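Asker: Supplied in structure tokens, the structure appears directly below.
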Amino acid sequence: GIESIMVNCNPETVSTDPDTSDRLYFEPLTKEDVLTIIEKEQEDGELLGVIVQFGGQTPLKLANDLEEAGIPILGTSPDAIDLAEDRDRFKALLDELGLKQPPNGIARTAEEAQEIAERIGYPVVIRPSYVLGGRGMEIVRDTAHLNRYIKEAVVVSGDSPVLIDWYLKDAIEVDVDALCDGKDVFVCGIMEHIEEAGVHSGDSACSLPPYSLPAETIAEIERQTKAMALALNVG
């Protein structure tokens, strides 16, 4: 048979149950540690591949390093992961698909950040480009706040741009779980957050099924999810 091997550094998660996988490693999710584990496991048999999509931001950032080391990445490819996380590429994808998004811009200098924020209108959400949420993200309400954020929280440059979005007030946030094999997409569930949008997903409570969304909104969410999954070649 095929053995599953879990690498996890968080003892509080369900995946650290020793019965979940054939073997469990409590090691940091770094390039060096993961490659060492892979080398050890390859001594006992063929490595079919690594799945990096189920552990949040940290393992996603390992995808390119593992691919460069010749390790097969199962499921969503490193290029597709980059397409979803690189804000320039993802914005272009949404435009191509005709999907709505808040007014936004990408700044590579402090001057550009101030120009974009003033064009969009405060408050804005600002964050590093290659981050899904959480670390480095902040709601900025005026120019002084923006300058303080750029000075203290991030380094804005051509290699480290920041994404600036118009802040959606009183918005409803949903998480969507879907399965895709590259051809068909099955939406497993739409979870409506109980708190207003802006609370970190891992710290919020949600309802399944949605408790306040009308049928037409749910249908539109499903349509957009399927369009993005196929365009991203999620598998």
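Asker: Tell me the net charge near THR30. Cut-off is 11 Å between Cβ atoms, THR30 excluded, with +1 for each Lys or Arg and -1 for each Asp or Glu.
Answerer: -2
Asker: Just name one of TYR211, PRO102, VAL176: the one whose Cα is farthest towards the positive end of the charge dipole of the chain (beta-carbon charges, Lys/Arg +1, Asp/Glu -1).
Answerer: Working it through, the farthest residue towards the positive pole turns out to be PRO102.
Asker: So if I place +1 on the C-beta of Lys and Arg and -1 on the C-beta of Asp and Glu, and nothing else carries charge, what would the dipole magnitude of the chain be about its Cα centre? I want it in debye, nearest 20.
Answerer: Result for the chain is approximately 880 debye, rounded to the nearest 20.
Asker: Round to the nearest 10 and give me the degree value, 0 to 90, for the angle of helix 143-152's Cα axis relative to the longest principal axis of the chain.
Answerer: 30
Asker: Counting every Cα pair in the chain, what percent are over 21 Å apart?
Answerer: That fraction is 66 percent.
Asker: If the elastic network links every pair of Cα atoms under 10 Å, which of ALA63, ALA171, ALA197 fluctuates the most in the Gaussian network model of the chain?
Answerer: In the Gaussian network model the winner is ALA171.
Asker: Can you list the lysines whose alpha carbon sits under 24 Å from that of LYS100, skipping same-chain ones fewer than 8 residues off?
Answerer: LYS91, LYS169, LYS183, LYS226
Asker: Using a cut-off of under 19 Å, list every residue of region 62-90 whose amide N is near the label point 7 Å from the Cα of ARG108 along the Cα-to-beta-carbon line.
Answerer: 83, 85-90
Asker: Let me ask you something else. Which of CYS180, CYS206, CYS188 moves most in a GNM of the chain, Cα contacts under 10 Å?
Answerer: For the chain, modelled as a Gaussian network with Cα springs under 10 Å, the answer is CYS188.
Asker: Using only the Cα atoms of region 42-147, each taken as one equal point scatterer with no solvent, compute I(q) by the Debye sum, divide by I(0), and report log10 of the ratio at q = 0.10, 0.19, 0.23, 0.25 Å⁻¹.
Answerer: These q points yield log10 I(q)/I(0) values of -0.41, -1.02, -1.25, -1.35.
Asker: Next question. Can you give the angle from 0 to 90° between the axis of helix 31-42 and the longest principal axis of the chain, with both taken from C-alpha atoms, to the nearest 10?
Answerer: Tilt relative to the chain: about 30 degrees.
Asker: Let me know the charge dipole size of region 1-119 about its Cα centre in debye, to the nearest 20, where only the beta-carbon of Lys, Arg (+1) and Asp, Glu (-1) is charged.
Answerer: Numbers: 10 positive and 27 negative charges, 111 e Å.
Computed charge dipole of region 1-119: roughly 540 debye.
Asker: May I have the extent of the alpha carbons of region 174-231 along their three principal axes, as whole Å values ordered from largest to smallest?
Answerer: 34, 24, 16
Asker: Helix-derived [θ] at 222 nm for the chain: sum -39500 (n - 2.57) over DSSP H runs of at least 4, divide by residue count, nearest 500?
Answerer: Taken over the chain, the calculation gives -10000 deg cm²/dmol.
The numbers here are math on the coordinates, done by the rules we state, and not lab data. Because the structure is predicted, anything quoted here is derived from the model rather than measured. Cβ atoms come from the backbone with ideal geometry, glycine included; neighbour counts cover every protein chain shown.
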